[in-house]
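S.K.: Quick one: structure below, then a few questions.
The values are calculated or read from the model by the stated rules, or taken from the named source; none is laboratory data. Small disclaimer: the values here were computed from a predicted structure and weren't measured. Virtual Cβ from ideal backbone geometry, glycine too; neighbours counted across all protein chains shown.
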Amino acid sequence: MASPSSEATQPADVALPLGRPERRSWTARVGDYVGFAPAIVLFGLFFLVPLGLIVCYSFWQTVDYNVVHNWTVDNYRYFFSVPTYVRTVWATIWVSVVATLLTLAVAFPFAYWLARYVPRRYQKILLVLVILPFWTSYLLRVYSWLNILGPEGAMNRFLQWTGVTDQPVSFFLYDRPAVILVLVYLYFPFAALTLYASLERFDWNQFRAAMDLGATPATAVRRILLPQIRPGLTTAVIFVFIPILGEYLTPQLVGGARGVMIGNLIVNFFQGAQYTRGAAAALLIAALIVLLLTLFRRSLEVEDPYGT
Amino acid sequence: MARDLDIVSPRGRLTRAALAGWAALVYVFLFAPIVLLVVFSFNANKYGTFPITGWTSKWYGQVFHDYQIRDALTTTIRIALEVTVVSTIVGTAAAFPLVRSRLPFRSGIRITLVLPIMIPGLLIGISLLVLFTSVLHQQLSPTTAVIGQAVYTTPFVLLLVAARLQGFDASLERAASDLGANTYQRLRYVVMPLLAPAILAGALFVFTLSLDEFIITLFLIGSHNTLPIYIYTQVKFGITPEVNALAALLLAASLTLMALAFVLPALVRRAVRLVPRKAGV
């Protein structure tokens, strides 16, 4: 956090560049950018180049376990010719949409409560508690649900104890509902944080003004609150939806055969050394992400429709 | 306060209570799995689940005597240290031009540098797998895993240090130059002490992320194991109390490190402030 004193001196930066500007040599100006050199190597060579490679691979052919540089769309054609794969794409989109909506549905009332009703000095600590599980291992957060949903897990024990069933049911595990439940658990902190951040800035007096003018609370939420926090909502959707599209571990551990998502297909392709087909499947995820970002770009740009 | 107005109507009070109840459920939802995991790790039941047949710390003993776990732990820590060094240097170095120079395509560069956090780790993992095995013909090893993890963790250091640099009082540096400090002295005596808390927090953050990283490592580690990879291979055979104990230890480690990432920078800041005072500057 910037201290007030440093903020006060900030504008001076614009007028007075560091050092002695009039005598700056060519080398000094290059020196300004030298800090980027290691990052260019790391992100260029080991991030952008590999991503480009995946794009190329998805349009190349595998012949006798060798990748041949023939440009073709065969990998995509193959992918869409297998009904199971196509169904998996739809299943992935369906699971991602439902999980994202549920995450928001759980997070919104929570963030609303935190921003509106909790005294400010407690807000920070309650927020830290939300992020706390998020700082632990991603693998362990998925794993911990096996203790609850498994055939010998807490859920089954509870049902047997209450007499609903007399033997373990596997309904909870190895199906899409389990995947969605765990995904909501995993990505809740993202949604709660972004929603809280935008609700925290909201001026509740506007809300009260709307109600004074006769709006019901529901109308006030819909007409006054939602339009103003729309960028926050969009950010939350993006932060939750994008990683879910590429999920591999959750369907792998709790999804069973019916919970398979594109991520699992990709891993299977790569583990079976079918790099070109795997690359095509991976690009499908990338394409979905780009599509999503394009769709939401405009709604991210709209800020403060009321000019507050 | 205007807050009082909210609770005049009984309906408002009801809404408020309902929301508070919802929030309580959310906290239960967030913590129940983790708490249960820790409870089961002390459970004498050898199937690692209900019923609780007694309390024991025997599973923890087994964790410490398992040579596979010890191997995985060594690899994990080695990788985490290397990733921390690489990410801290690369991220800190890049923060300076990002914040201070007038770059062309600044927002584009910013997005590229933060993109590794945004896109699914799966894509980073497979794309580097293709690069290492098919193009560079490298054997997969902990080193390839270090590179993959560093791609993902460096943006965190970059963001933390850039944020600190943005709120940095640049007149301090100008004062140092006016008093005759050269670039090195400016960095060493003015910039670094002020950035140290952010760099330290970034380093601890990266160490924790590396310790817990799963998906990128899965593709790039080759025949070695890190603790998350080891746990993953074990889970395929079902839950054992030993894995629960290992998981609980890993949880404790990441939470401790994250707490340090928050507490240490404040302590360093205080120490930095104290030193010149003692030296009488």
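S.K.: Starting from the range B:156-173, take each residue that is surrounded by fewer than 21 Cβ atoms within 10 Å (Cβ to Cβ) and list its partners that are outside any helix (DSSP H, G or I), counting only C-beta distances under 6 angstrom and pairs at least six apart or across chains.
M.R.: As it stands, the answer is B:Gly167/A:Ala2; B:Glu173/A:Leu18, since those pairs meet every condition given.
S.K.: Working only within the range A:97-117, note down all residues that are in contact with an Asp or Glu (Cβ under 8 Å, 6 or more places away or on another chain) and at pLDDT 95 or above. I'd like the intermediate steps shown before the answer.
M.R.: Start the filter on the range A:97-117 by keeping residues that are in contact with an Asp or Glu (Cβ under 8 Å, 6 or more places away or on another chain), which leaves A:115-117.
Correct list: empty.
S.K.: Ok, one more. Among the residues of the range B:238-253, is there at least one that is within 29 Å of A:Ile266 (Cα to Cα), not polar (S, T, N, Q) and not in a helix (DSSP H, G or I)?
M.R.: yes
S.K.: Go through (1) of a type in the set (A, V, I, L, M); (2) within 26 Å of B:Leu14 (Cβ to Cβ); (3) touching an Asp or Glu at 6+ places or on another chain (Cβ under 6 Å) one by one and return the number of the condition A:Ile229 breaks.
M.R.: Just one mismatch for A:Ile229, condition (3).
S.K.: Additional query: Looking at the range A:32-39, is at least one residue assigned to a helix (DSSP H, G or I), surrounded by fewer than 18 Cβ atoms within 10 Å (Cβ to Cβ) and more than 7 Å from every other protein chain (Cβ to nearest Cβ)?
M.R.: Yes, because at least one residue in the range A:32-39 is assigned to a helix (DSSP H, G or I), surrounded by fewer than 18 Cβ atoms within 10 Å (Cβ to Cβ) and more than 7 Å from every other protein chain (Cβ to nearest Cβ).
S.K.: If you don't mind, another one. Just for helices (runs of 4 or more DSSP H) wholly inside the range A:81-154: which have at least 1 residues that are closer than 30 Å to B:Thr15 by Cα and facing chain B (nearest Cβ under 9 Å)? Spell out the reasoning first.
M.R.: On the way: elements: A:83-117, A:120-131, A:138-149.
The helices (runs of 4 or more DSSP H) meeting that bar are A:83-117, A:120-131.
S.K.: Given (1) in contact (Cβ under 8 Å) with a residue 60 or more places away in the chain; (2) touching a strand residue (DSSP E or B) at 6+ places or on another chain (Cβ under 8 Å), where does B:Gly91 come up short, assuming only one miss?
M.R.: Here B:Gly91 meets the rest and fails (2).
S.K.: Another question, if that's okay. Please state which one of B:Leu103, B:Leu98 is buried (at least 19 other Cβ atoms within 10 Å of the Cβ) and either farther than 23 Å from A:Leu283 by Cα or modelled with pLDDT of 90 or more (or both). Even if it seems obvious, please write down each step before you answer.
M.R.: Numbers: B:Leu103 fails: buried (at least 19 other Cβ atoms within 10 Å of the Cβ).
None of the others qualify; the one that does is B:Leu98.
S.K.: While we're on this one: With the condition being under 22 Å from A:Arg176 (Cα atoms), within 11 Å of chain B (Cβ to nearest Cβ) and not aliphatic (A, V, I, L, M), I'd like the helices (runs of 4 or more DSSP H) fully within the range A:212-285 carrying at least 1 qualifying residues. Write out each step before concluding.
M.R.: On the way: elements: A:217-220, A:230-245, A:262-271.
Filter on the range A:212-285 gives A:230-245, A:262-271.
S.K.: If A:Tyr57 meets every condition in (1) more than 25 Å from the chain's Cα centre (by Cα); (2) free of Cβ contacts under 8 Å to residues at least 12 places away in the same chain; (3) within 13 Å of chain B (Cβ to nearest Cβ) apart from one, which number is that one?
M.R.: Checking A:Tyr57 against (1) more than 25 Å from the chain's Cα centre (by Cα); (2) free of Cβ contacts under 8 Å to residues at least 12 places away in the same chain; (3) within 13 Å of chain B (Cβ to nearest Cβ), the one that fails is (2).
S.K.: Going by the structure shown, is A:Tyr248 at pLDDT 85 or above and touching a Ser or Thr at 6+ places or on another chain (Cβ under 8 Å)?
M.R.: Values: at pLDDT 85 or above: yes; touching a Ser or Thr at 6+ places or on another chain (Cβ under 8 Å): no.
So A:Tyr248 does not fit the description; no.
S.K.: While we're on this one: Being over 26 Å from the mean Cα position of the chain (by Cα) and touching a residue at least 60 places away in the same chain (Cβ under 8 Å) is the filter here; which residues of the range A:60-93 pass it?
M.R.: Hits for the range A:60-93 are A:Trp60, A:Gln61, A:Thr62, A:Tyr65, A:Val67, A:Asn75, A:Tyr78.
S.K.: Check A:Phe202, A:Phe207 and return the single one that is in contact (Cβ under 8 Å) with a residue 24 or more places away in the chain and not polar (S, T, N, Q).
M.R.: Working: A:Phe207 fails: in contact (Cβ under 8 Å) with a residue 24 or more places away in the chain.
Answer to the selection: A:Phe202.
S.K.: Right, next: Would you mind stating whether B:Leu14 is touching a Pro at 6+ places or on another chain (Cβ under 6 Å), over 19 Å from B:Pro228 (Cβ atoms) and not assigned by TED's automatic domain parsing to the domain that holds B:Gln234? Before the answer, list the steps.
M.R.: Numbers: touching a Pro at 6+ places or on another chain (Cβ under 6 Å): no; over 19 Å from B:Pro228 (Cβ atoms): yes; not assigned by TED's automatic domain parsing to the domain that holds B:Gln234: yes.
No.
S.K.: So which residues in the range A:65-89 are under 16 Å from A:Gly259 (Cα atoms) and of a type in the set (A, V, I, L, M, F, W, C), if there are any at all?
M.R.: A:Val86, A:Val89
S.K.: Taking into account only those residues within the range B:40-55 that are exposed (fewer than 14 other Cβ atoms within 10 Å of the Cβ) and of a type outside the set (Gly, Ala, Ser), which is modelled with the highest pLDDT?
M.R.: B:Trp55
S.K.: Can you name the residue in the range A:258-288 that is of a type in the set (Val, Ile, Thr) and in contact with a Ser or Thr (Cβ under 6 Å, 6 or more places away or on another chain) and is also nearest to B:Met118 (Cα to Cα) among such residues? Working first, answer last.
M.R.: First pass over the range A:258-288, keeping only residues of a type in the set (Val, Ile, Thr): A:260, A:262, A:266-267, A:276, A:285.
Still in the running and in contact with a Ser or Thr (Cβ under 6 Å, 6 or more places away or on another chain): A:260, A:262, A:276.
Working: A:Val260: 22, A:Ile262: 18, A:Thr276: 24 Å.
Across the range A:258-288, the extreme among qualifying residues is A:Ile262.
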